[in-house]
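Okay, so here's the structure we're looking at.
The values are calculated or read from the model by the stated rules, or taken from the named source; none is laboratory data. Predicted model, so just to flag it, every value in this text is computed and none were measured. For neighbour counting, all protein chains shown are included, and Cβ atoms are generated from backbone atoms with ideal geometry for every residue, glycine included. Areas reflect the complete protein model, heavy atoms only, side chains present, ligands, DNA and RNA absent. Shrake-Rupley method; radii C 1.70, N 1.55, O 1.52, S 1.80 Å.
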Amino acid sequence: MKDIKLNINNALGTKELHEQYMETLPAAKSALSTLYRGDGKGADFLGWIRLPHSIEPGFLSDLKMTADRLREDCEYVVSIGIGGSYLGIKATVEALQDSFAAYKPKSGAALLYAGNHISEDYLYELMTLLKGKKFGIINISKSGTTTEPAIAFRLLSQMLEKEQGEQFAKDHIVAITDAHKGALRTLADKKGYKSYIIPDDIGGRFTVLTPVGLLPIAVAGFDIEALVKGAQKMQDLTNEDVPIADNPAAQYAVTRNLLYKNGKKIEVFANFSPKLQYVGEWLKQLYAESEGKDAKGIFPASANFTTDLHSIGQMIQQGERNLFETFISIDEPRYRVEIPSDSDNLDGLNFISGKRVDFVNKMAEQGTLLAHLDGDVPNIHISIPRLDEYSLGQLYYFFEIAVGISGYLLGVNPFNQPGVEDYKKNMFALLGKPGYEDDTDKIQKRLDSLK
C-alpha cells in the first residue's frame, strides 16, 4: 500500500533557510532520541510512541465484538467525551463516512456525540431525538468528573435507565476510563459496565489509537485494523533507526520550527476536501495544547478550500506576512464524476468538459499553492494516496511524533497543558462548587467591574 508523502521544498525557498534546515537536523535527531529514551520533559506521557505495534489482534477483536453488539442492539450510540476524547473520533468518522449518511438508510447504529461542549439546546434536542429509542453510550473520561461529559452522562444514563431499564443500560453503556481510580471507574465497577482502559502514560490528544478512538470508530462501521496498520507503518517510517534526513516527521518538525524562528507565527492547516475539516480540528488541539506555553508556540489554524478562498483567502494572500500553510491533499478520490458538455455553454465551462471534477479541484489547489507562495506564504505539502483508514492511521501517527520532536525543538514540554485548567477554576468558583468558595466573591467583583 502507498504511504503518505511530504514535500518541504516550497517552505525552504532560500539558500539561507536550507542551510539552517541542515544545521537543525542533528537537534531533531536528539529530540527523537529523547522521546524514545523517555528522559525529557513530559516523559510520563510517552506511551503513544510505541503504541501502534503493541496493539494485539485479540484486543481489536474484543473492541469489534463490543462495537457489533452496540450496532445490532441500538438505533443510536452516543459517544460522550471532549477534546482528545472527541476530536479524533469525529475527524475519522467525518473523513470516512458518506457526506449524506444522515439522509440515507442506516446499517447499524448511528454514532452521535455529547459532552464536547455545554449547550442546553443541543442536549435538549439530543434527548428529544433519543426519547423512546434504544440507544447505547460510550462514556470516555479518565476521571469521570470533567464538567462537559459528566453533565451529558448524568442526563443520558438516567434517561436510558428510566426508559429501557437498568439491565439494558448496564449492557449498553461502555466506560473508557482509568484502570484503578476516578469517579467513572468507581461507577463502572459498581454498575458492571463493560470497560476499557485509557493508559496512564497517554495524554488525551494522543488517544485516537487507544480504545478512546478505536471503539467509537468501530461502532461507526469503519476498519480499525486498517487504521492501526497505517499507524504501524508510519511508526516504522519515523522511528529512531531511520536516518534523520529521511524521517518525514523530523523533516516537518524542523521546517515548521525554522519558519517560526523566521517570523511565521501561524500555521494554517489547509485542505481541498470538506471530509478533512475535522482532521483540521484535531490538528488544532494536538498542536495548540502541545506547543502553546511558556509564551511560545505556532498558532494553529485551519482552512477548508476552495470554500475559504472566498473568505479568509484574501487575508492569507495579502494580509500580514506572519503565516505559513501545511496543505493536506488526497491523491485519488473514491468516486469519478466528469463535467459534461453543454450546447449553449452559457456558463463558459465547455473548456473543461470531459474533465473530472477532481482535476479541476487539483488545478485550484496548484493555483492556490503558487499564488500564496508568490504572496510570501511558504507552504508544506502532505499528500494522502486515498482517504481511507490506512492513510488516516499514518497521518495521525505522523503528526503525533512530529509534535513531540517539534515541541522539544521549541524548548517546551509537549505533553502537558497547564493553561487549560485556568478557566475551570473561575467557572467552578462562579458555580459555587465546594472548595472554591473563597474565590467566588473576588471573581464576581472582577466580572462586575468589566460590565
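When only DSSP loop residues count, what GluC sites (Glu not before Pro) in the stretch 318-357 have their Cβ near at most 11 other Cβ atoms within 10 Å?
Here the sparse-neighbourhood loop sites are Glu320.
Summing -39500 (n - 2.57) over the DSSP H runs of n ≥ 4 in the chain and dividing by its residue number, what mean residue ellipticity at 222 nm do you reach, to the nearest 500 deg cm²/dmol?
-15500 deg cm²/dmol
Picking from Asn10, Asn416, Ala371, whose Cα lies most toward the positive end of the charge dipole for the chain (charges on Cβ: Lys, Arg +1; Asp, Glu -1)?
It is Asn416.
Along the charge dipole of the stretch 201-358, which of Ala220, Ser273, Gly292 sits closest to the positive end, that is, farthest toward it, with unit charges on the beta carbon of Lys, Arg, Asp and Glu (+1, +1, -1, -1)?
Gly292
If you count the DSSP beta bridges with both ends in the chain, what percent of them are antiparallel, to the nearest 5?
If I count the DSSP bridges inside the chain, around 10 percent turn out antiparallel.
Given a 1.4 Å probe and heavy atoms of the protein chains only, how would you sort Lys433, Lys190, largest accessible area at the top?
Greatest to least solvent exposure: Lys190, Lys433.
Give me the accessible area per residue for the stretch 178-275, probe 1.4 Å, as a whole number in Å².
Ligands and nucleic acids excluded, the figure is 35 Å² per residue.
Considering only protein heavy atoms, what is the solvent-accessible area of Asp68 at a probe of 1.4 Å, reported in Å² to the nearest 10?
Number for this one is 70 Å².
Quick one: order Tyr408, Tyr122 from most to least accessible surface, probe 1.4 Å.
Descending accessible area places them as Tyr122, Tyr408.
In the chain, carbon and sulfur make up what percent of the accessible area (probe 1.4 Å)?
After summing per-atom areas, the C and S share lands at 53 percent.
How big is the charge dipole of the stretch 134-175 about its Cα centre, in debye rounded to the nearest 20, if each Lys and Arg gets +1 on its Cβ and each Asp and Glu gets -1 on its Cβ?
80 debye
Along the charge dipole of the stretch 1-138, which of Leu63, Ile80, Tyr21 sits closest to the positive end, that is, farthest toward it, with unit charges on the beta carbon of Lys, Arg, Asp and Glu (+1, +1, -1, -1)?
Leu63
So how strong a dipole does the stretch 282-350 carry about its Cα centre when Lys and Arg Cβ are +1 and Asp and Glu Cβ are -1, to the nearest 20 debye?
Value, rounded to 20: 400 debye.
Note down the relative contact order for the chain as a percent, whole number, built from C-alpha pairs under 8 angstrom at least six residues apart.
Normalised by residue count, the contact order of the chain is 23 percent.
Rounded to the nearest 10 degrees, what's the angle between the helix 87-96 long axis and the longest principal axis of the chain, both from Cα atoms, 0 to 90?
Taking the Cα atoms of the chain, the angle to 87-96 is about 60 degrees.
Please state, as a whole number in µm²/s, the translational diffusion coefficient that the Stokes-Einstein equation yields for the chain at 10 °C and 1.306 mPa s, with Rh defined as the Kirkwood radius across alpha carbon pairs.
Translational diffusion coefficient: 67 µm²/s.
Given the whole protein assembly as supplied and a 1.4 Å probe, what does the accessible area of Thr368 come to in Å², nearest 10?
10 Å²
What is the magnitude of the charge dipole of the chain about its Cα centre, with +1 placed on the Cβ of each Lys and Arg, -1 on the Cβ of each Asp and Glu, and no other charges, expressed in debye to the nearest 20?
640 debye
Given the whole protein assembly as supplied and a 1.4 Å probe, what does the accessible area of Ser119 come to in Å², nearest 10?
Rounded to the nearest 10, that gives 40 Å².
Taking a temperature of 10 °C and a viscosity of 1.306 mPa s, what whole-number D in µm²/s does Stokes-Einstein yield for the stretch 6-85 with Rh from Kirkwood over alpha carbon pairs?
Reported coefficient: 90 µm²/s.
Could you tell me which chymotrypsin sites (Phe, Trp or Tyr not before Pro) in the stretch 327-382 are loop residues by DSSP with no more than 10 other beta carbons within 10 angstrom of their beta carbon?
Sites meeting the loop and neighbour criteria: Tyr335.
Tell me which lysines have Cα within less than 24 Å of Lys264's Cα, excluding those fewer than 8 residues away on the same chain?
The qualifying lysines are Lys5, Lys15, Lys29, Lys284, Lys293, Lys296.
Determine the per residue accessible area of the stretch 62-167 with all protein chains present and a 1.4 angstrom probe, expressed in square angstrom.
49 Å²
So how tilted is helix 147-164 from the main axis of the chain? Cα-based, degrees 0 to 90, rounded to 10.
Helix 147-164 and the main axis of the chain meet at about 50 degrees.
Considering only Cα-Cα distances, which of the following residue pairs are longer than 24 Å: Lys64/Lys229; Lys106/Lys142; Lys265/Lys451; Lys181/Lys433?
Flagged as over cut-off: Lys106/Lys142; Lys265/Lys451.
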